[in-house]
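The values are calculated or read from the model by the stated rules, or taken from the named source; none is laboratory data. These numbers were taken from a predicted model, which means no experiment stands behind them. Here the Cβ positions follow ideal geometry from the backbone for every residue, glycine too, while neighbour counts run over all protein chains shown.
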Amino acid sequence: MPSESIGEIAAPAPQTSRIPAFFRDVLIFDWKKQTFTADLVFVLPVALCLTIGLLIGHPGAGLISAGGAMTIGFGAKQQIGESRLLPMILASLGIAFSTFIGMIAGHGNAILIPLAALWGFGYGMLTAREAGYGWVGQQCVVTLLVGSAFPFSARAALVRASLLLAGGFIQVLWSTLALSLWSQLRTDLTELHHYIRDEQEALRAMLAEVAGHVKTGSLPGSATGSVVPYAIRLMVTLAVSTEIYRELNFASGYWIPMTALLVLKPAIADTASRAIARTLGTIAGAWLVTILVAHFTPSLLWLAIFTVIFAWLSYATLNVNYALFAVFITAYIVFLLALATIPETEIAHRRALCTAIGGALALMVRLVVIWRRSAKVREAATV
């Protein structure tokens, strides 16, 4: 079971007035933000985890820990305060915990759907803070959804969560060594309990804010700068899309709510642009993998090599163009899952279909909100 490796919260593409807003994530390429050389650092832990898994005869364990290393590598592109390591440390702990909870909750919809909604709401509220916090929250939601597709026993869930944690910590330690951040690591680990305490205080403040709105029977509008409406939209979207994924009983169907989470943005134009880019990029990535597999039947070693190559390309193009990033992250996931002996073309086709459904759901939720808002305005105008 891999961890979906996503670095969604990134610097926005440059604004180009001649390009329609709905297609900015597809048509704008900012090659100044490519990081091909710098990101070789973060690829090495992914390769190490895969190599160890192959050498000990457990490629499945290797792919899980590699997924953890891949996800946490994106954290180096985030920042909390002055630290690049703190998002990586917090995300390592968060994805392990969320994976464990997701695998336990995956046994029944009555538990999983409310949990998915709660995790989505929490992530939405975190977007009001530093981008690094939002990124950590996003990874926790993603791994909860991925874990739900593997409803195992508590013991098996603990093993998989531990493998993810191990991969994440390998990435943290290697990044610390490669980037000479030992003093930062010591500071972050020493102050970790303070950060956790601050998060508890922030959580209480968040709940108090929401309780106050519920008590008064009114929610703030987007114009007030509050993230509560966005958090509620995420909560509803996650609940609906998770219910659909569970009812369809579709292999790898967790990509439906995961995609809905990743493409739903506060603004309609941003949501549409992200949904179009992710869908087109995923389809193109699936097509690319199909061509590769049609002309080359890769061994486990070559699957690992392709996984590392596309992991590197995913890191390097994250801030260049979202559709291009979606192409490479799709290929990475397909080859990573293929290490678990799932046919590559089957994975690619599933991902493309589920991504299209998830993107459409996110866009539909945003359009419903706009329609309801417009209806209220028309109703008020007639009074």
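The table below gives the values:
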| quantity | calculated |
| --- | --- |
| Subset of segment 333-371 [more than 21 Å from residue 244 (Cα to Cα) and of a type in the set (Asp, Glu)] | 344 |
| Of all residues in segment 115-148 being among the hydrophobic types (A, V, I, L, M, F, W, C) and farther than 23 Å from residue 73 by Cβ, the one that is surrounded by the fewest Cβ atoms within 10 Å (Cβ to Cβ) | 118 |
| Segment 206-223 residues that are modelled with pLDDT of 75 or more, paired with ones that are not charged (D, E, K, R) (beta carbon under 6 Å, 6 or more apart) | 206/125 |
| Sole exception among (1) under 17 Å from residue 258 (Cα atoms); (2) out of contact with any Asp or Glu (no Cβ under 9 Å at 6 or more places or on another chain); (3) at pLDDT below 95 for residue 102, by number | (3) |
| Condition check for residue 356: in a helix (DSSP H, G or I), touching a residue at least 12 places away in the same chain (Cβ under 8 Å), more than 15 Å from residue 252 (Cα to Cα) and touching a helix residue (DSSP H, G or I) at 6+ places or on another chain (Cβ under 9 Å) | no |
| Filtered residues of segment 148-176 (kept if closer than 20 Å to residue 112 by Cα, touching a residue at least 24 places away in the same chain (Cβ under 8 Å) and among the polar types (S, T, N, Q)) | 148 |
| Failed item in (1) part of a helix (DSSP H, G or I); (2) at pLDDT below 85; (3) of a type in the set (Gly, Ala, Ser), with residue 239 passing the rest | (2) |
| Filter result (more than 17 Å from residue 58 (Cβ to Cβ) and surrounded by fewer than 16 Cβ atoms within 10 Å (Cβ to Cβ)) within segment 149-160 | 153, 154 |
| Tally of residues being in contact (Cβ under 8 Å) with a residue 12 or more places away in the chain and in a helix (DSSP H, G or I) across segment 18-61 | 26 |
| So residue 341, is it surrounded by fewer than 22 Cβ atoms within 10 Å (Cβ to Cβ), among the hydroxyl-bearing types (Ser, Thr, Tyr) and not in a helix (DSSP H, G or I) | yes |
| Residue in segment 309-320 that is farther than 21 Å from residue 44 by Cα, in contact with a helix residue (DSSP H, G or I) (Cβ under 8 Å, 6 or more places away or on another chain) and in a helix (DSSP H, G or I) present | no |
